[in-house]
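One structure below.
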Amino acid sequence: MLRAFSRISKLDLQAKVSLVLLAVIIPTFVVVTIAENAITRPLLENEMRQLGLSTGQTLADEIQDARWLGSDQASSLIEGRMQEILYTQRNVALLRVFVAGEMGERPRLLASSVEEPEDADALVAEEYGMSLVPAGLAENVQYSIVQDEDGSRLWRIMIPIHTRSKRVVGNVLVLVTLKLVDRIHTLMWQSTIVAALAALIALFIGLRYFLRRTIENEKRLIAAENQNEQLTVQLHETQRQLMTTEKLAVMGQLTATFAHEIGTPLNAMSGHLQLLSIELSEPKTQERVSIIRSQVEKIEKIVRGFLQSTAQPASQRQLVDLNRLVDQTLSIVGPRAESIGVRVQKRLDRDLGPVRAVPLELEQILLNLVNNSLDSLREKSRNGERVELQLELISQLEKHGGSSQAVLQVRDTGQGIPAEELKKIWKPFYTTKRPGEGTGLGLTICQQLAKQNGAMIELDSRWGSWTRVTIRMPYA
C-alpha cells in the first residue's frame, strides 16, 4: 500500500488528475446508471398502464354514451371504433368487449379488434398463458402484467361498462404491450455505456490537450484583452459617427419636408403675382392681394413651427365647412389651372353640414391633392395628348351601416399612376414626378394629417387615364 502511494506521489500533475477523475467518475457512473434504470422503468410501465386505462375507459364511455349495446349493429360499430383506436395507439395489442352471458354462463364476446376464429380463446390462452374470457364481469377496474409465449410482457386491463344506474353490463379488455418499454430500457443501458466510454475517452484527450495549452492560452488572453481595449475605442468612435450620420439623415428629412411645405404656397403666390402684373387695374386685384397675404402668413406659421420644434404641436379641432374649403382651395389654384388649360368642375352637396377637424391641416391636405392632380394634368399636356384636361371636386354624404361619413373626392383625367406603383406612393421620398419636380413627401404628409384628424385617404388610378383620391372623415 505504501509503495502504491509512493508511486502515485511521483506521478506528474496530469496523471494525478486522471486517476482522481477515474476514481470519481466510474463509481458515480455505476450508481447513476443503476438508479436511473430503477426509476425510469417503473415510470414507463406506469405510463403504458395509464395509456391502457385511458383507452379502455374512453371506449367504455363511448359505448355507453352512444348506446351501442342496444343496437343490432353493436359488434360492427364497436369494432370500427376499435380499429380507429388501434390506428392511433400503436402500443395497444388487443381490444375486446364482453357482455353478460345467459343465466349461469360466462360473459359473451361481443366485439374484438382482431378477427376471431372459433377457437380464439384457446389460441389466446396458448399465446398469453391465460384465458382472456373472464369467468364473470369485473365490477371494478382490474389490471396486471402478463407474459405471452415469447416472454414479452403486457398490461392486462379490464374496464367495466356501466349504465346510468351504475349497473355493470359489460367489460372492455385492453392488452397493452410493454415491448416499447423494454426497448427503451435496453437502449438506455446501451446509450449510457457508450456515452460513458466516449466521455472518458474525450475527457482524457481533452485533459492532455488543455493542460498543455494552458500557458499558451494565458498569453493569448492577455493579447486578446489588449485587442479588446483597442476594439472598444474603435466601437465608441463608430457609435459617435453613427449618431452623427443619423442626425444628418433626420435633418435631411426635415429639410425636405420643410422645402415641400414651403413650395406649395410659393407656387400659388407665384401664379397670383404673375397675374397681378397684368391685372393691377382690375377689380380683382384686392382679392388676389388678400390671397397672397394669407399664403404668406401660412409660410410664416410653418417656418415658426419648424424653428421652434421638430415636433408639430397639437392643434385644436374646429367645425369646418367642406364646401367652403373647396371654394377657397380652387380660388388659390385657379390661376395655375387656367395656365395649364384645365377645366375645373364642382359637384358639392350644399346640404352637407360641417365636420370637426383642424382647418389648416385639412386645407393643407386638399391643396396638396389638388396640386398633385394639376401636376399630373400638366404632364399629360406635355406629352401632346389631345384630350380634355378635367379636374373635378366632389363633396357628399355617405352612410355605411349605422354611421355616416363626409366624403371629399378629387378626380382628374391626368397621366395616372401605374398599378405596380400604387402601393409605393405612400412611402416617404417616393415620387412618380420628374427629377426636381417633387420630393415624394406630399402624400405621406397628407396621410399623417388625415390620421390626426380621424380621417383616411383612399387612392385609385389607371395609368394614362385618370386618378381618384377620396378623403373619408367622421360625420356627426
Some residue of region 309-322 being part of a helix (DSSP H, G or I) and surrounded by 13 or more Cβ atoms within 10 Å (Cβ to Cβ): yes
Matching residues, region 40-79, being exposed (fewer than 14 other Cβ atoms within 10 Å of the Cβ) and in contact with a strand residue (DSSP E or B) (Cβ under 9 Å, 6 or more places away or on another chain): Ser76
Candidates Asp61, Asp72, filtered to the one that is more than 30 Å from Thr186 (Cβ to Cβ), among the acidic types (Asp, Glu) and modelled with pLDDT under 85: Asp72
Of residues in region 330-378 being surrounded by fewer than 20 Cβ atoms within 10 Å (Cβ to Cβ) and acidic (Asp, Glu), the one nearest to Gln447 (Cα to Cα): Glu363
Within region 148-166, considering residues that are of a type in the set (Lys, Arg) and modelled with pLDDT under 85, the one nearest to Leu44 (Cα to Cα): Lys166
Cβ-Cβ under 6 Å pairs, at least 6 apart or on other chains, region 190-206 side not assigned by TED's automatic domain parsing to the domain that holds Glu36, far side of a type outside the set (Lys, Arg) and in a helix (DSSP H, G or I): Thr192/Thr33; Ala196/Phe29
Residue list for region 39-64, filter: of a type outside the set (S, T, N, Q) and more than 41 Å from the chain's Cα centre (by Cα): Ile39, Arg41, Pro42, Ala60, Ile63
Residue count, region 380-404 (criterion: closer than 23 Å to Lys346 by Cα, without any contact (Cβ under 8 Å) to a residue 40 or more places away in the chain and assigned to a helix (DSSP H, G or I)): 1
Odd one out for Thr186, checked against (1) farther than 28 Å from Arg81 by Cβ; (2) surrounded by 16 or more Cβ atoms within 10 Å (Cβ to Cβ); (3) out of contact with any Asp or Glu (no Cβ under 8 Å at 6 or more places or on another chain): (2)
Pick from region 405-445, criterion touching an Asp or Glu at 6+ places or on another chain (Cβ under 7 Å) and not in a loop (DSSP other than H, G, I, E, B), ranking: modelled with the lowest pLDDT: Gln405
Contacts under 7 angstrom Cβ, first residue in region 86-101 being within 17 Å of Ile63 (Cβ to Cβ), partner among the basic types (Lys, Arg) and outside any loop (DSSP other than H, G, I, E, B), 6 or more apart: Phe98/Arg108; Val99/Arg108
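The values are calculated or read from the model by the stated rules, or taken from the named source; none is laboratory data. Computed from a predicted structure; not experimentally measured. Using ideal geometry, Cβ is built from the backbone for each residue, glycine included, and neighbour counts are taken over all protein chains shown.
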